[in-house]
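Rule-based calculations on the coordinates, nothing more; no lab input. Quick caveat, the model's predicted, so the values are computed rather than measured. Please note: Cβ atoms are built from the backbone with ideal geometry, for glycine as well, and neighbour counts cover all protein chains shown.
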Amino acid sequence: MNPDPDRAQALIRRGWRITLVSLLAVATVMVLALRFTPTEIRQGLAQKIFYIHAPSAWCAFLAVGLTGMASILYLWLGDQHFDRFAAASAEVGTVFCAVVLTTGPIWGKPIWGAWWTWDARLSLTLFLFFLLLGYHVLRSAIRVPTERARLSAVVGIMAMVLVPFIHLSVYLFRGLHPTPIVLKPSAPSLDPEMLRTLLFSFAAFTLLYVGLVTLTYGIRLAQDAGERSHA
Amino acid sequence: MPETPSNGGFMVAAYVMASLIYLGYVLVLWGRCRRVGRDEN
C-alpha cells in the first residue's frame, strides 16, 4: 500500500497536539514533584529525580518492546507500516533512554557517591542504548527499503529481548540499583502523596511517548510519500 | 532522626538536563516537519 500524504499530514497535526498536551502534563509533574510532594528524609531533594527517571525508563522499555513487536509483525506480514512504526518507536525510545542514562548518574552521585557503577541494570541499560544507536546507524546505512526493514527488524527484536532482563536484573544480580517500588507483584511501597505524583508522571510521560511516536511516524510517512512521488 | 542531605543542585541539574533533551528532540522534529512541508510544496 502506497503512503498517503494527506494521512501523513493528519498524523503530524495529531502528533503535535498530543505532544504539546503531554509537555504541559510533564511540566505539571515537575511542579507537583518540586512544590507539592514531600521530600524523602534520607535522600533529600535528589530523590525527586526519581519522578522523571523512572517514568522515562518505563517509556524507553515500552518503546523498545513495541519496536520489537512491530519488527516481528513486519517479518511475518511484510507490511511497511510495521517497519515505519518500529523505526519511529526506536527513535523515541532512544531519547527516553538518553534521559534515563543522564538522570540516573546525577541521582547516583549524591546517593551512591559515584556517577556510575558497573551494576547489572546500569550496564544493560547502556548496552540497550548502544543497541538502539546501532539500529539507527544500520537503517541509515542501507538504501534498499526491504533489506533495511528486514535487517533492522532483527536488531529491534534483540533490543526487545533485552528489556525483561533489564527489569529483572535487580533480582537476578546483586547490585546497587534499587528494586522496583511500583512495577512489582506486591503493592507499591511508597508514601501515598509520592505515589500520586509518580502515577501522574507515568501517565504524562506515556502520553509524551504517544505524541512523539505519532509525530515521528507521520514524518516518516510523509517522507516515504514524497520519495514515491519523486520516483 | 537522620539529617536530610542538601543535594538540591543535583535535582535541578537532572530536571534541566531532561528538559533540554526532550525539548531538543521536539525542536529536531519541528525542523523535520518544516522540511517535509517544504518538500511537498
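Things to note:
- Label-to-label distance for B:Leu23 and A:Ala187 is 4.0 nm, based on points extended 7 Å past Cα in the beta-carbon direction.
- Over the C-alpha trace of the protein assembly as shown, radius of gyration and Dmax come out as 19.7, 72 angstrom.
- For region A:52-120, taking Cα atoms only, Rg and Dmax work out to 15.5, 50 Å respectively.
- Here is the tail figure for region A:138-221: Cα pairs spaced more than 21 Å apart come to 58 percent of all pairs.
- With helices as the sole contributors, the protein assembly as shown gives -28500 deg cm²/dmol at 222 nm; each DSSP H run of n ≥ 4 counts as -39500 (n - 2.57), and the sum is divided by every residue.
- Solvent-free Debye calculation, one equal scatterer per alpha-carbon of chain B: log10 I(q)/I(0) at 0.19, 0.22 Å⁻¹ equals -0.67, -0.74.
- Percentage relative contact order, chain A, counting C-alpha pairs under 8 Å, at least six apart: 41
- Using only alpha-carbon positions in region A:1-70, the gyration tensor eigenvalues give semi-axes of 35, 17, 5 Å once each is multiplied by 5 and square-rooted (largest first).
- Computing FRET efficiency as 1/(1 + (r/R0)^6) for A:Thr206 and A:Arg150, where r is the C-beta to C-beta distance and R0 is 22 Å, gives about 0.15.
- Only one residue of B:Val12, A:Gln47, A:Leu77 has its Cα farthest out toward the positive end of the dipole of the protein assembly as shown, where Lys and Arg carry +1 and Asp and Glu -1 on Cβ, and that residue is B:Val12.
- For region A:28-159, the Kirkwood estimate of hydrodynamic radius, built from reciprocal distances between every pair of different alpha carbons, is 16.1 Å.
- Diffusion coefficient, µm² s⁻¹, Stokes-Einstein with Kirkwood Rh over alpha-carbon pairs of region A:72-231 at 20 °C and 1.002 mPa s: 120
- Remark: C-alpha extents of region A:110-168 on the principal axes read 48, 21, 12 Å, sorted largest to smallest.
- Tilt relative to chain B, helix B:8-40 - C-alpha long axis, 0 to 90 degrees, to 10: 0
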